[in-house]
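This report refers to the structure that appears directly beneath it.
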Amino acid sequence: MKASLLYNSQCMLAEGPYWKSDWGAFLWVDIEHGNLFSYQLEAKELKTWQFPHRLTLVLEQGDALILALDGKLARFDPKTENLEWLLALESDPSIRCNDGACDPAGRIWVGTMGLDFREGAGSLFCVDKGWQVSKKLEGVTISNGLAWSLDTKTLYYIDSPTRKVRAFDFDVTTGNLVFRKDAVVVPEELGTPDGMCLDEEGMLWVGHYGGSGVYRWNPEDGTLLDKIEVNAPHVTSCAFGGPEGKHLLITTARENMDEEQLAAFPQSGGVFLAELPVRGAKVYGVFP
């Protein structure tokens, strides 16, 4: 299967794909330029907002959006464009937020990483009701994809340089986690695992940076099941959406490419779409 170009956004580092159902739109960000994009599928209308920060994450809280900007979280009202700072996860300006998601209880999980990609500089944080922050993992290098199993008892997590999707026993009541196993180990020739999402059958769809596609993995036995080919080498993340939940939005990057590579793959930095035979699993919003 091959994905088709949805919008040639020419992002340096597109990430954070998210389906906002009440808008009928896919959202994504360009991290380095601080741009937030909204593309309405039916009307084919694009809207953008720009922030003077590295923007890495978009989640929903009612009518507002929760954004990760540099090392902080903020609440953004798309109608008034009011931005309210909520909390700082990292005080060191050389460390920024990266990927994140909401767990089944509505907690916010956000990982961090060093701007210089230094080993072990990042962490994985959990933000609970009352904006209480706890550090769940440390010594992380490039904190990336997060997904919860259909029965909510497992957290799948990617620290990209490890080339692994790790599985943790997860307590949805407390938010506690305990490492259980390496669910998937990605061979070097397939690129590096980045962002991911889960489908209705409990399988993981993982964007492979340097792997020119989104790969479907079985987290129970670690086997590779399928691949969606993307006409861009650096695939960063993916998210299910669309009116029936069967469209997969795929984000890509232009960074780390020379002129020859960009000439060969001019759609790099764009977002792509694939229609699949399976739906995405439920995606959770932020606590009220």
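Assorted remarks:
- Among the candidates GLY195, GLY285, GLY269, the residue that is buried (at least 21 other Cβ atoms within 10 Å of the Cβ) and on the phi < 0 side of the Ramachandran plot is uniquely GLY195.
- Within region 40-54, residues that are touching a residue at least 12 places away in the same chain (Cβ under 8 Å) and among the hydroxyl-bearing types (Ser, Thr, Tyr) have Cβ atoms under 8 Å from residues that are surrounded by 11 or more Cβ atoms within 10 Å (Cβ to Cβ) and part of a strand (DSSP E or B) in these pairs: THR48/ASN35; THR48/LEU36; THR48/PHE37; THR48/SER38, counting only partners at least 6 apart in sequence or on another chain.
Residues are listed down the side, and each one gets a yes or a no for (1) in contact with a Gly (Cβ under 8 Å, 6 or more places away or on another chain); (2) without any contact (Cβ under 8 Å) to a residue 12 or more places away in the chain; (3) aromatic (Phe, Trp, Tyr):
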position: PHE179; (1), (2), (3): no, no, yes
position: GLU189; (1), (2), (3): no, yes, no
position: PRO193; (1), (2), (3): yes, no, no
position: ASP199; (1), (2), (3): yes, no, no
position: MET203; (1), (2), (3): no, no, no
position: GLY210; (1), (2), (3): yes, no, no
position: TRP217; (1), (2), (3): no, no, yes
position: ASP221; (1), (2), (3): no, yes, no
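- Taking (1) more than 28 Å from GLY245 (Cβ to Cβ); (2) over 18 Å from the mean Cα position of the chain (by Cα) in turn, THR173 satisfies each apart from (1).
- Test: residue in region 29-38 that is of a type outside the set (Asp, Glu) and under 22 Å from ARG107 (Cβ atoms): yes
- Scanning region 12-62 for residues that are farther than 27 Å from LYS282 by Cβ and of a type in the set (Gly, Ala, Ser) gives a single hit, GLY34.
- Subset of region 118-153 (residues that are surrounded by fewer than 21 Cβ atoms within 10 Å (Cβ to Cβ), more than 20 Å from LEU59 (Cα to Cα) and of a type in the set (Val, Ile, Thr)): THR141
Read the figures in this text as sums done on the coordinates, not as results from a lab. Since the structure is predicted, the reported quantities are computational estimates derived from the model, not experimental observations. Don't worry about glycine lacking a Cβ; one is built from the backbone with ideal geometry, like all the others, and counts go over all protein chains shown.
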